[in-house]
Amino acid sequence: MREIDARGLACPAPVLQTKAALQEESPNGVRVVVDNAASQQNVQRFLESQGFQTVLEQVESDYVVIGNCESMSSARPHPATESHGDAKKIMVMCASDRLGSGDDVLGLKLMVNFLRTLKEMGDELWRLVFVNNGVKLTIEGSYVLEDLKAYESAGIKILVCGTCLDHFSILEKKRAGETTNMLDIVTAMQLADKVINI
Amino acid sequence: MTFPSDENVIIGLDRADDAGVYRISDDLALIQTVDFFTPIVDDPYWFGQIAAANALSDVYAMGGTPKTAMNLVAFPVKTMDLSILRQIIQGGVDKLEEAEVVLIGGHSIDDKEIKYGLSVTGFIHPERVLAKKNLQPGDCLVLTKPLGTGIVNTAIKAAMSSEQLTQKVTRLMAMLNRDAARIMADFDISACTDVTGFGLIGHLAEMVKGSGCSAKVDSGQVPVIPEAEEFAAMGLIPAGAYKNREFSEQMITFAETVPRTLQDLLFDPQTSGGLMISVSDVQCDDLISALKEGGIADAARIGDVVDSQEEVISVI
């Protein structure tokens, strides 16, 4: 259990110290001690984003966060590796906002239906990635916005290509998913058991 | 504790608002406000710009026009190079010029810690003062700048923000609320305030308390700085956000589907944030179109005002 004493440090130093410790040693367990509730919350959020289960404690005037990570995480603590249990990991990559070519109206209808039906994959649906025109499905006004948000609430990570959003000048219109880069997308492809390209 | 007052005070300490307003004649009232703080960004010139935009904002939030300002300066003259102070003041002066406000004086003291801001005077017609506490049931709520400056500033401190994002957020904080104020003057605005240190929820709570109304916020419609959500997930949240949450917790309910990161953004203390405007429902779409056409690209309808003595805020 790696002990980190971040008392007396102003925000965001406790998170940075914890991050550095994870990067140096990839411990499976950490115990971080801070001196205020806000830092405790921040360290908890950080550890959870890195795949740790957390428990909060208060010991006199110390605020403690205990983090445990069962699975052996990769050497890089970022991007987040949340535990997915034993279920297969399926990644679906949408490179367009239409399914198929020939008729755009039909294509949109099919894509909306496809994205809504993906929930039938149950636990195996792991990542939804949007690139090129696909990013337009994640912006305000998109017919599938509520569905995408529901997937996020259910723990499915949605990655939206930042370069693409910039290219279409719609970065600030994104309403679902996390903005991501090519490295994250390639890493997700590598970690997935199955990659489906639409 | 009692404070001196007289019958010409339109907005004073008993109706605390964004600024004080004092009647001069039947068609003229004076707006007075003051704001200063410690450095928000590393660049002294941009710190000056942001401090000035922030001080002027309270006049715009009352529906008024700022006209004169005075500098408030605290600076470690013995230990820091005066050229830094010069850049801060230049930033402030340039922002005043942009706002067509004249600098007519100021005061400075020697201090270990740098502080800068302004005392601002503006004018308004006594019948057109936009207080905070005048929400009308059926109104819709409009926000003119995206949320997230507190969280991004924390990420900047952690050296986790890209240069591009840092620039974008600096400019966002330095942006005047003047254009938004000018545009809203053509509409029937019930109430208005600017979103700053208490976060969106905190400032909305101020509008709700004592209004006889409740507010519903659609979290999916609130404009946010996209990267701020990711930073929030990593715990780069300023302590002020937690204080803001604690303070308003009793009157807020969140639907289960509102992700924690979005909740964090709603409590995130803003620096020089946008205007939160309560406008009649029939004029809402027109107001938003007018704001967007006027260059306020992020303007969005974020919720509604309902008739309810409970005076609560529900976020979906």
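Any read-out appearing in this document is the output of simple, stated calculations on the displayed coordinates, not a laboratory observation. No experiment lies behind these values; they were computed from the predicted model shown. Please note: Cβ atoms are built from the backbone with ideal geometry, for glycine as well, and neighbour counts cover all protein chains shown.
Put a dot 7 Å past the Cα of B:Ser308, heading toward its Cβ, do the same for A:Asn68, and the two dots end up 4.0 nm apart. Restricting attention to the stretch A:2-68, close to 75% of DSSP beta bridges with both partner residues there are antiparallel.
Here the peptides B:124-131, B:176-183, A:39-46, B:190-197 are ranked by packing, the mean other Cβ count within 10 Å, and the order with the highest first is A:39-46, B:190-197, B:176-183, B:124-131. In a reduced charge model with +1 at each Lys and Arg Cβ and -1 at each Asp and Glu Cβ, the stretch B:140-315 shows a dipole moment near 600 debye about its Cα centre. The calculated FRET efficiency for the pair A:Gln58 and A:Asp123, based on their C-beta separation and a Förster distance of 51 Å, comes to about 0.90. Under 12 Å from a point placed 7 Å out from the Cα of B:Gln164 along the Cα-to-Cβ direction: which residues of the stretch A:166-198 have their backbone N that close? What the label zone holds, given the 12 Å backbone N cut-off, is A:166-172, A:180-182. Quick check on chain B: take the gyration tensor over C-alpha atoms, sort the square-rooted eigenvalues as a ≥ b ≥ c, and tell me if it's rounded (a/c under 1.5), prolate or oblate. Cα axes put chain B in the oblate bin. For the residue pairs B:Lys133/B:Lys243; A:Lys136/A:Lys194; B:Lys133/B:Lys216, the C-alpha atoms sit more than 19 angstrom apart in B:Lys133/B:Lys243; A:Lys136/A:Lys194. For the stretch A:115-123, putting each phi into the Karplus relation 6.51 cos²θ - 1.76 cosθ + 1.60 with θ = phi - 60° gives couplings of 5, 6, 6, 4, 4, 5, 6, x, 5 Hz, in residue order, rounded to whole numbers and with x for Gly and Pro. Listed peptides A:152-162, A:126-136, B:283-293, B:232-242 appear in the order B:232-242, A:126-136, A:152-162, B:283-293 once ranked by packing, highest mean of other Cβ atoms within 10 Å at the front. Charge tally around B:Ala69: other residues with Cβ under 14 Å, Lys/Arg +1 each, Asp/Glu -1 each, net -3.
Among DSSP beta bridges lying fully in chain B, give the percent that are antiparallel, nearest 5. Restricted to chain B, the bridges split so that about 75 percent are antiparallel.
As a rough footprinting exposure proxy, the listed residues B:Glu229, B:Glu98 were ranked by other beta carbons within 10 Å of their own, and the order from fewest upward is B:Glu98, B:Glu229. The overall shape of chain A, judged from the alpha-carbon gyration tensor, is prolate: a/c is not under 1.5, and a/b is greater than b/c.
For the stretch A:110-198, what class follows from the C-alpha gyration tensor (a ≥ b ≥ c being the square roots of its eigenvalues): rounded when a/c is under 1.5, otherwise prolate if a/b is larger than b/c, else oblate? Oblate shape, in that a/c is at least 1.5 and b/c is the bigger or equal ratio. Taking the DSSP bridge list for the stretch A:90-197 and keeping only pairs wholly inside it, about 5 percent are antiparallel. On the basis of the beta-carbon distance and an R0 of 30 Å, A:Ala10 and A:Leu191 show a calculated FRET efficiency of 0.25. Report note on the peptides B:140-147, A:5-12: ranked by the mean count of other C-beta atoms within 10 Å, highest first, their order is B:140-147, A:5-12.
Normalised by the number of residues in chain A, the average gap of Cα pairs under 8 Å and 6 or more apart makes the relative contact order 17 percent. Among the cysteines of the protein assembly as shown, those whose beta-carbon sits 4.7 Å or more from every other cysteine beta-carbon are A:Cys11, A:Cys69, A:Cys94, B:Cys192, B:Cys213. Centre-to-centre, using Cα atoms only, the stretch B:84-119 and the stretch B:173-205 are separated by 23 Å.
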